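Student: Encoded as structure tokens, here's the structure I'll be asking about.
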Amino acid sequence: MKIYLAKDAGYCFGVRDAVNLANDTLDTDGEIYMLGTIVHNERVIKNLSEKGAKVVNSIDDVPEDKTLLFRAHGTVPELWEKASDKKIKLVDGTCPLVTEIHHEIKLLEKEGRKTIIIGDHGHDEVVAIAGQVTNPIVLSNIDEAKKLRKMKKAGVVTQSTQTIENVQDIINILMTKVFDLRFVNTICFPTKRNQEQIKELSEVTDLMIIIGSFTSANSKRLAELSSERNENTFQVTCASEIDSSWFKDDVNSVGISAGASTPDWIIESVIKKVK
């Protein structure tokens, strides 16, 4: 049986930098607080917690003179303001590509456009993007786009991990709804690259395994893209979830990829289990 690993499976540079920043800060400060999980991977958070990182739900739970690390997905401006009022040390783990989305949506608002975000309702990244402007519209699918009223002027950005197909479908509808429409394609390059690799790999292998947390939007999208092309697609968070019954006699090749929040050691352990 042949095993094919997607070239760019696993950590994107934004997540890798955020996790490295958390580890480096723990080495120097000994203890850090995280407002929510810095990345969507339970095992990464567990490892950081064992080193002294504490996940809190409110900035009020961070003691004075302690270090607060902001997540890779971005943070709403109100939390920056509240944090600056407290006597705490701030460390920013926001992915620079997410910061660029914040910049773009603010520019669209300055142009007098109604701002629209194509993304998942309630997702950390989408909440942070929405917090940069006043009353944006969040669209997650074409059904929501179809219900939108017609308007004269709008500007659109996307959650960085959206699929190209979903964005294209929604934009096609918005073109019939908005007279003056400006679209900024803010799907990040690592996401585009990983999605293309998944599409290719799933069509030439007998079985696909996608590694990633079920809280990770980009991992779930990779699994969806693979499932559309290969019904033998399974999403797992770690090697122990692999079932030997998947590997029937007619399975001669296995494709493996992983979401952007999946560390190398988990990928390696899955490959070892498959072997």
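Just so you know, all these numbers are worked out from the coordinates, no wet-lab data involved. Keep in mind that what you see is a predicted model, and the values were worked out from it rather than measured. Glycine also receives a Cβ, built like all others from the backbone with ideal geometry; neighbour counts cover every protein chain displayed.
Student: Hey, what's the Kirkwood Rh for region 10-155 if you take every pair of different alpha carbons, in angstrom?
Tutor: For region 10-155, inverting the mean 1/r across all distinct Cα pairs yields 16.5 Å.
Student: Connecting C-alpha atoms closer than 10 Å in a GNM of the chain, tell me which of THR215, THR28, THR37 has the biggest fluctuation.
Tutor: THR28
Student: At what distance in angstrom do the alpha carbon centres of region 36-90 and region 204-256 lie from each other?
Tutor: Here the two parts' Cα centres lie 32 Å apart.
Student: Right, something else. Using only the Cα atoms of region 224-275, build the gyration tensor, take square roots of its eigenvalues as a ≥ b ≥ c, and label the shape rounded, prolate or oblate: rounded if a/c is under 1.5, else prolate if a/b is larger than b/c, else oblate.
Tutor: Taking the square roots of the gyration eigenvalues as a ≥ b ≥ c, region 224-275 is oblate.
Student: At 4 °C and 1.567 mPa s, what whole-number value in µm²/s does Stokes-Einstein give for the translational diffusion of the chain, with Rh from the Kirkwood sum over Cα pairs?
Tutor: Estimated via Stokes-Einstein, D reaches 65 µm²/s.
Student: Going out from 0 in 10 Å bins, what whole percent of all Cα-Cα distances in region 132-275 drops into each bin?
Tutor: Whole-percent P(r) values from 0 Å outward: 11, 35, 27, 17, 9, 2.
Student: Using the eigenvalues of the Cα gyration tensor, what equivalent ellipsoid semi-axes result for region 40-79 when each is taken as the square root of five times the eigenvalue, whole Å, largest first?
Tutor: 19, 15, 8
Student: Across every pair of different alpha-carbon atoms, what Kirkwood hydrodynamic radius in Å does region 159-234 reach?
Tutor: Roughly 13.6 Å, rounded to one decimal.
Student: Which of GLY74, LEU148, THR115 sits farthest toward the positive end of the charge dipole of region 1-155, with +1 on the Cβ of Lys and Arg and -1 on the Cβ of Asp and Glu?
Tutor: Ranked along the dipole, the leading option is LEU148.
Student: If you don't mind, another one. Compute a Gaussian network model of the chain, connecting alpha carbons closer than 10 Å, and tell me which residue from HIS102, HIS73, HIS121 fluctuates the most.
Tutor: Of HIS102, HIS73, HIS121, the most mobile in the Gaussian network model is HIS121.
Student: 222 nm [θ] for the chain, helices only, -39500 (n - 2.57) per DSSP H run of 4+, per residue, to 500?
Tutor: So the helix-based figure for the chain works out to -12500 deg cm²/dmol.
Student: In addition: State the dimensionless ratio Rg/Rh of region 174-214 (Rg: radius of gyration of Cα atoms; Rh: Kirkwood radius).
Tutor: Dividing the radius of gyration by the Kirkwood radius yields 1.21.
Student: How many nm separate the modelled label positions at ASN20 and ARG193, each set 7 Å beyond the Cα in the direction of the Cβ?
Tutor: Distance between the two pseudo-spin positions: 1.4 nm.
Student: Using all C-alpha to C-alpha distances in region 100-200, build P(r) with 10 Å bins and read off the rounded percent in each one.
Tutor: 16, 51, 29, 5, 0
Student: Report the gain in length on full extension from LYS275 to SER227: 0.36 nm times residue separation, minus Cα-Cα distance, nm rounded to one decimal.
Tutor: Here the segment from LYS275 to SER227 would lengthen by 15.0 nm.
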